[in-house]
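Here's the structure, in structure tokens; my notes come after.
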Amino acid sequence: MNGAAWTTRDDGIQIAVRVTPRGGREALVPGTVEYFAARVAAPPVDGAANAALVVLVARTFGVAKRAVSVIAGESARLKRLRILGDPVALAARANTLYGVAP
């Protein structure tokens with residue numbers, strides 16, 4: 001599944017994420033075909049939720065924090081993030097999150 005939730009790029013992938021700040025236990029899970037769903041404990045104040053989201057995505061995809069950046073939607077619930085790395089491995093991880101067999 002290479003749906004709208006993520007797209008591969010030459011230098012990694014881009015993912016769409018709908019964020020719920022103050023969401024309790026932090027998790028990145030399948031949302032819809034349009035986006036991942038993320039819960040972060042941080043409040044949406046002074047970029048805290050975005051920073052927590054970057055850490056969560058980096059941990060989930062097994063990359064360094066510096067490899068993840070918010071490229072659209074900084075102040076919106078729906079965000080687009082770039083994850084730098086091997087696009088094949090990152091897309092495989094995205095497929096695994098959605099329960100799609102490799």
(message) Can you tell me how many residues within segment 63-102 are within 15 Å of Leu28 (Cα to Cα) and either in contact with a Cys (Cβ under 7 Å, 6 or more places away or on another chain) or assigned to a loop (DSSP other than H, G, I, E, B) (or both)?
(response) 4
(message) Here is a check on your reading of the model: is Gly47 open to solvent by 50 Å² or more (accessible area, probe 1.4 Å), small (Gly, Ala, Ser) and on the phi > 0 side of the Ramachandran plot?
(response) no
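Considering only residues that are among the small types (Gly, Ala, Ser), in contact with a Gly (Cβ under 8 Å, 6 or more places away or on another chain) and assigned to a strand (DSSP E or B), which ones fall in segment 1-31? Let's see the steps before the verdict.
Just the residues of segment 1-31 that are among the small types (Gly, Ala, Ser), to begin with: 3-5, 12, 16, 23-24, 27, 31.
Then keep just the ones that are in contact with a Gly (Cβ under 8 Å, 6 or more places away or on another chain); that gives 5, 12.
Scanning segment 1-31 gives a single hit, Gly12.
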(message) Just to check your reading of the model, which residue among Ala52, Ala27 is touching a residue at least 12 places away in the same chain (Cβ under 8 Å), more than 19 Å from Thr8 (Cα to Cα) and either open to solvent by 20 Å² or more (accessible area, probe 1.4 Å) or in contact with a strand residue (DSSP E or B) (Cβ under 8 Å, 6 or more places away or on another chain) (or both)?
(response) Ala27
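Can you find even one residue in segment 60-68 that is surrounded by fewer than 19 Cβ atoms within 10 Å (Cβ to Cβ) and closer than 21 Å to Tyr98 by Cβ? Give the derivation first.
First pass over segment 60-68, keeping only residues surrounded by fewer than 19 Cβ atoms within 10 Å (Cβ to Cβ): 62, 64-67.
Right, trim to closer than 21 Å to Tyr98 by Cβ and you get 62, 67.
Among the residues of segment 60-68, at least one is surrounded by fewer than 19 Cβ atoms within 10 Å (Cβ to Cβ) and closer than 21 Å to Tyr98 by Cβ, which makes the answer yes.
Looking only at segment 32-49, filter to residues that are of a type in the set (D, E, K, R) and not in a strand (DSSP E or B); which one of those is nearest to the chain's Cα centre (by Cα)?
Initially, segment 32-49 is screened for residues of a type in the set (D, E, K, R), giving 34, 39, 46.
Add one more test, that the residue is not in a strand (DSSP E or B), and what stays is 34, 46.
Values: Glu34: 12, Asp46: 19 Å.
That would be Glu34.
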(message) I need a count of the residues in segment 5-23 that are in contact with a strand residue (DSSP E or B) (Cβ under 6 Å, 6 or more places away or on another chain) and open to solvent by less than 70 Å² (accessible area, probe 1.4 Å).
(response) 12
(message) As an exercise: evaluate Lys79 against (1) charged (D, E, K, R); (2) free of Cβ contacts under 8 Å to residues at least 12 places away in the same chain; (3) surrounded by 16 or more Cβ atoms within 10 Å (Cβ to Cβ) and give the number of the one condition it does not meet.
(response) (2)
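The values are calculated or read from the model by the stated rules, or taken from the named source; none is laboratory data. Just so it is clear, the structure is predicted and the values come from calculations on it, not from any experiment. Cβ coordinates were reconstructed from backbone atoms using ideal geometry, including for glycine residues, and neighbour counts include every protein chain displayed. With ligands, DNA and RNA removed, areas are computed over all heavy atoms of the protein, side chains included. Shrake-Rupley method; radii C 1.70, N 1.55, O 1.52, S 1.80 Å.
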